[in-house]
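One structure is given below, encoded as structure tokens.
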Amino acid sequence: MQRFLSLLTATSLSACVMLGAPVASRAQAAGASVEKVADFPHQVTGVTVSEDGRIFVNFPRWTEDSPVSVAEVAKDGSIKPYPNEDWNSWRNARKDELAAGDHFVCVQSVVADRRGAVWALDAGAPAQSLLVPGAPKLVRIDLASNAATKTIAFDESVAPQGSYLNDVRFSSDGRHAFITDSGAKGALVVVDLESGKAVRVLDGHPSTQVKKGLVVEADGQPLRRPDGRGVEFSADGIALSKDGQHLYWQAIKGDTLYRIETAALVDALIGGVDAEAKVEPFGKNGVADGLLIGRQSGDMYVTAPQDDAVKIRDLSAEASSEPRILVKDERLRWPDTLSEGPDGTIYVTTSRIQDSAFFKPDAPAALPTQLWRVVR
């Protein structure tokens, strides 16, 4: 225990992740298995792999005041704050000392844009609670210089109190970002990456909200907090089609996948055109968290936390088609975020939400989590 606690306060993070020899899956499906890539002593959510194979992860401040928000996983098995220690120096206990706009407060997602940058999406709401003023933002980090080169801050018209900016995808031409808000009132956010202009769309629309009556389960039982509340995440998983013409999303407390033409979202940003009529349901995924569409195949990968599984879905089939299990493994405890490496390898984090102090009060504040890769 003492060794574990020391990891929480160490200023050096060289031991925060161990990259060991691949561990073969104990349960396989459709010829696939999983290999462990890394162990983390903190609760991870996002992962992304850049075009040159560099791996980045992030740790939101949910049940602990994590000593790192965004990190690069080094080849020698260590992690280091990314892009530097200063951006990662914000702490809940020091929120009155450090400017929230120049530091990571509660990063929920990191995504490489395949244009030489990694973007960090900061929800700005530690413990998924109140927003820290000035904290919600999208930060571009240049991979060549390892420096933050652009920050797009979101005001209350885009990220009001109760919001929780969750995940992001980038348009094929690199001009726009599309973000899900999984907070109290789900929505999408569309961003002009050049000007920084952003607009909140589908705010309160049924496609971005939780599904009433649906109960998210873990280990075959309803997943509830000690006070009886269940999982209430709104629009969460997000994916861009291979041709860039459609954006897909769904709520975690939901089972339906939705899509819209990206052109309609850009019209909403530029001309204030109402996008609601352009939304279409696209079949059932079941309860899902992360979504990813393969660059080559165009298939959709889906994390299925109720099933300890990663599923795959042929989007060229009818909307009535459903995903099939690609790999199922008891160690995939709340498979969360997906990323695709330059060689086509699929990576997935396990954030172990069902094991966190939100739902198990006796759980450690710093929850050990993992990064895996799918082997086929």
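No lab work stands behind these numbers, since they all come straight from the coordinates. Because the structure is a prediction, the values reported are computed rather than measured. When we count neighbours, we look across all protein chains shown, and the Cβ atoms used for this are built from the backbone with ideal geometry, even at glycine.
Basic side chains Lys and Arg get +1 at the Cβ, acidic Asp and Glu get -1 at the Cβ, and with that the dipole of the range 2-375 about its Cα centre reaches some 500 debye. Remark: for residue pairs Lys284/Lys311; Lys284/Lys360; Lys211/Lys360; Lys185/Lys211; Lys211/Lys284, the C-alpha separation exceeds 19 Å in Lys284/Lys360; Lys211/Lys360. Modelled spin labels at Glu85 and Asp267, positioned 7 Å past Cα toward Cβ, are 5.2 nm from each other. Cβ crowding within 10 Å, taken as a proxy for footprinting-reagent exposure, orders Ser172, Ser182, Ser50, Ser320 from fewest neighbours to most as Ser320, Ser172, Ser50, Ser182. For Lys75, which lysines qualify as cross-link partners when the Cα separation must be under 20 Å and same-chain residues fewer than eight apart are set aside? Within reach: Lys36. Note on the chain: GNM, Cα springs under 10 Å; of Phe358, Phe178, Phe233, the largest mean-square fluctuation is that of Phe358. Among Asp167, Asp236, Asp274, the largest mean-square fluctuation in a Gaussian network model of the chain, built with springs joining Cα atoms closer than 10 Å, belongs to Asp274. Between Ala319 and Ala147, the FRET efficiency from the beta-carbon distance, with R0 = 56 Å, is close to 0.80. Think of the range 2-375 as having a plus end and a minus end, set by charges on the Cβ of Lys, Arg, Asp and Glu; of Leu326, Ala264, Ala144, Leu326 sits farthest toward the positive end of this dipole.
Build a GNM of the chain with springs between Cα atoms under 10 Å apart, and of Gly204, Gly53, Gly228 the one that fluctuates most is Gly228.
Modelled spin labels at Arg114 and Asp96, positioned 7 Å past Cα toward Cβ, are 4.7 nm from each other. Put simply, the amide H of Gly237, placed in the peptide plane, has neighbours under 5 Å in Gln250, Ile252, leaving out anything fewer than 5 places away on its chain. Quick check: from the Cα gyration tensor, does the chain come out rounded (a/c under 1.5), prolate or oblate? Judged from the Cα gyration tensor, the chain comes out rounded (a/c under 1.5).
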